[in-house]
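Heads up, the thing below is written out as structure tokens.
The values are calculated or read from the model by the stated rules, or taken from the named source; none is laboratory data. A quick note: this is a predicted structure, and the numbers were derived from the prediction, not measured. Reconstructed Cβ throughout: ideal geometry from the backbone, glycine too, with neighbour counts over all protein chains shown.
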Amino acid sequence: MLLKEGTSQTKGMDALKNNVQAAKIVATMLKSVLGPRGMDKMLVSGTGDVTITNDGATILKEMDVQHPAAKMMVEVAKAVDAEVGDGTTSSVIIAGALLEKAEELIKQGIHPTVIVDGYRKAMRQAIEILNKIAEEVNIEDHSVLANIAKTSMESKIVSVDSDVLADLAVRAIFAVAEKPATEEKSSKNHQYLVADLDNVKVQKKPGGAMRDSSLIEGIIVDKEVAHSEMPKRFHDAKILLLNSSLEIEKTEFDAKISIDRPEQMTMFLEEESNMISGMTAKIVSVGANIVFCQKGIDDIALDYLAKAGISAVKRIKESDLNALAKATGARVVTNLDDLSPRDLGYAQNVEERKVETDKWVFVEKCKNPKAVSILIRGGSQRVVDEAERSMHDALMVVKDVVQKPAIVAGGGSPEAHVSHKLRTWASGVPGREHYAILAFADAIESIPVTLAENGGMDVIDTLTAIRSKQSSTNNPWIGVDVKELKVGDMRKKNIIEPLAVKEQILKSATETTAMLLRIDNILASSGKAASG
């Protein structure tokens, strides 16, 4: 009576089971990609485009997920990817494990809100434990940052060349990093920095080897100089950024010009030429020697500019125009009538270079040095696509550490340690929340368990060995060494991750789980009812 015709309703335990099942399926799908021995997924779009990756966020973005609970799992991956860049797969796996454990508790008669409260308490306690064992690092030690970047790429196909890419990521972050407004320092008197990744542009081009990738101190524009007679190289370039066209615009209304004598045609063409000449004269008068235009440039204008010794690049992307504005200090001009020398930007070198079969313009040593580009090379388009995703993760984790200089080891060691400490802490928590905290402790152990599974190791033996060695040596960094298929000290092997990533994983997984557990009614309108 209350709802539209065709609306379906799922209530109570059925609604909860429905959501939990969908979320668990997503988590199970991602489990096999975790760790250095994780597998890749091939994603084929409706148009036949193929993506090969083991990046959790990319897999979930490319999947056309329909179930609302599954979509929430996609959201958790997106949130972690946007905030810290790494740990997307881990966050989804932990969320799936939390929901699985919650389902068992609900069957035992524990109310979902009690489980949610217990999970949240456990999450806060887990973050406290992580902060106690985390090591503060000196961000001036580039080797530590390089190891963090390499760890983020261990599971990717680019891991063979991770040393080269990690070095590029560290250099790029330090090129754009700035001191914060306040002179705060960490507890061990280590300074931290703030890095804006908008200042790091990643360009990719198939061809060559991954080790041919390079860091450019400036901006790469993937267009060529628009006229063959224009100069291809400038020193001390004065740059004009234009987002209006250098051509005669068509009128909004249809217009006809009646010409009954040949002289009139000549006059019309001369007038058009004079108008374009006037536009180019303004550019010449302010002293610009290269023009980057977001829109089109008339052939006559190109000819005038070439004769004046000015180069032009047309139809560049708006994002490139904005990046050039930030890098060169130029103002994006929309109207040539307002053009003045103050609007020009500066770069020490501007040069057109051949990259494989294409010609690109490199704008280097700009007015603002905090603008750099990374040019990624690789054997094929699929390889450079995955390398670009890997570079995003590497840049993000290095940024995380320079902004919060604290690290933990990888290999599932912090999760195993936190799990043990939570079980001890849970004994002092009264009521039914005690069981939720124990369930949380079991759930976060899904990370070392999954790493062991993906490495073909015996899960029970591996987990027992980690717990035993961590307790006997009082070393929280004993984890799963997937490469050597044994349990070992991950800190000594320089398998390290930012504390910020681990914190974000726990927060996102817990909040998503809490949101799904609190749903007891699903109302779904049919497409027909919604459109009617």
Selected residue (only one of 376, 437 is among the aliphatic types (A, V, I, L, M), under 26 Å from the mean Cα position of the chain (by Cα) and modelled with pLDDT of 90 or more): 376
Check on residue 306, at pLDDT 90 or above, touching an Asp or Glu at 6+ places or on another chain (Cβ under 9 Å), closer than 29 Å to residue 236 by Cα and of a type in the set (Gly, Ala, Ser): yes
Some residue of segment 58-77 being outside any helix (DSSP H, G or I) and surrounded by fewer than 14 Cβ atoms within 10 Å (Cβ to Cβ): yes
Scan of segment 51-64 for residues that are at pLDDT 85 or above and over 14 Å from residue 388 (Cβ atoms), ordered by number: 59
Of residues in segment 143-165 being small (Gly, Ala, Ser) and assigned to a helix (DSSP H, G or I), the one surrounded by the most Cβ atoms within 10 Å (Cβ to Cβ): 152
Hey, residue 480 β-branched (Val, Ile, Thr), at pLDDT below 95 and within 19 Å of residue 97 (Cβ to Cβ) or not: yes
Matching option when the condition is over 20 Å from the mean Cα position of the chain (by Cα), crowded, with 18+ Cβ neighbours inside 10 Å and not in a strand (DSSP E or B), among 139, 173: 139
Residue among 85, 48, 38, 96 that is part of a loop (DSSP other than H, G, I, E, B), modelled with pLDDT of 80 or more, within 24 Å of residue 456 (Cα to Cα) and small (Gly, Ala, Ser): 38
Candidates 483, 492, filtered to the one that is under 19 Å from residue 38 (Cα atoms) and part of a loop (DSSP other than H, G, I, E, B): 483
Selection status of residue 81, among the charged types (D, E, K, R), surrounded by 21 or more Cβ atoms within 10 Å (Cβ to Cβ) and farther than 18 Å from residue 25 by Cα: yes
Residues being of a type outside the set (Ser, Thr, Tyr) and within 25 Å of residue 158 (Cα to Cα) - total across segment 388-427: 20
Any chance residue 423 is over 29 Å from the mean Cα position of the chain (by Cα) and among the basic types (Lys, Arg): yes
Test set (1) touching a helix residue (DSSP H, G or I) at 6+ places or on another chain (Cβ under 9 Å); (2) surrounded by fewer than 24 Cβ atoms within 10 Å (Cβ to Cβ); (3) over 26 Å from residue 483 (Cβ atoms) - residue 379 fails condition number: (3)
Near pairs, Cβ below 6 angstrom, 6+ apart or cross-chain, from segment 337-358 (within 25 Å of residue 245 (Cα to Cα)) to any residue that is among the hydrophobic types (A, V, I, L, M, F, W, C) and part of a helix (DSSP H, G or I): 339/286; 341/286
Which listed residue, of 350, 398, 384, 363, is in a helix (DSSP H, G or I), closer than 25 Å to residue 196 by Cβ and touching a strand residue (DSSP E or B) at 6+ places or on another chain (Cβ under 8 Å): 384
Options 353, 342, 315; residue that is at positive phi and either modelled with pLDDT of 85 or more or touching a Lys or Arg at 6+ places or on another chain (Cβ under 7 Å) (or both): 315
Any hit, segment 253-265, residues being modelled with pLDDT of 65 or more, among the basic types (Lys, Arg), in the same structural domain as residue 237 (by TED's automatic domain parsing) and closer than 29 Å to residue 348 by Cβ: no
Every residue from segment 421-474 that is within 18 Å of residue 96 (Cα to Cα), small (Gly, Ala, Ser) and not in a helix (DSSP H, G or I): none
Residue check, residue 443 of a type outside the set (Ser, Thr, Tyr) and either touching a strand residue (DSSP E or B) at 6+ places or on another chain (Cβ under 8 Å) or under 30 Å from residue 196 (Cα atoms) (or both): no
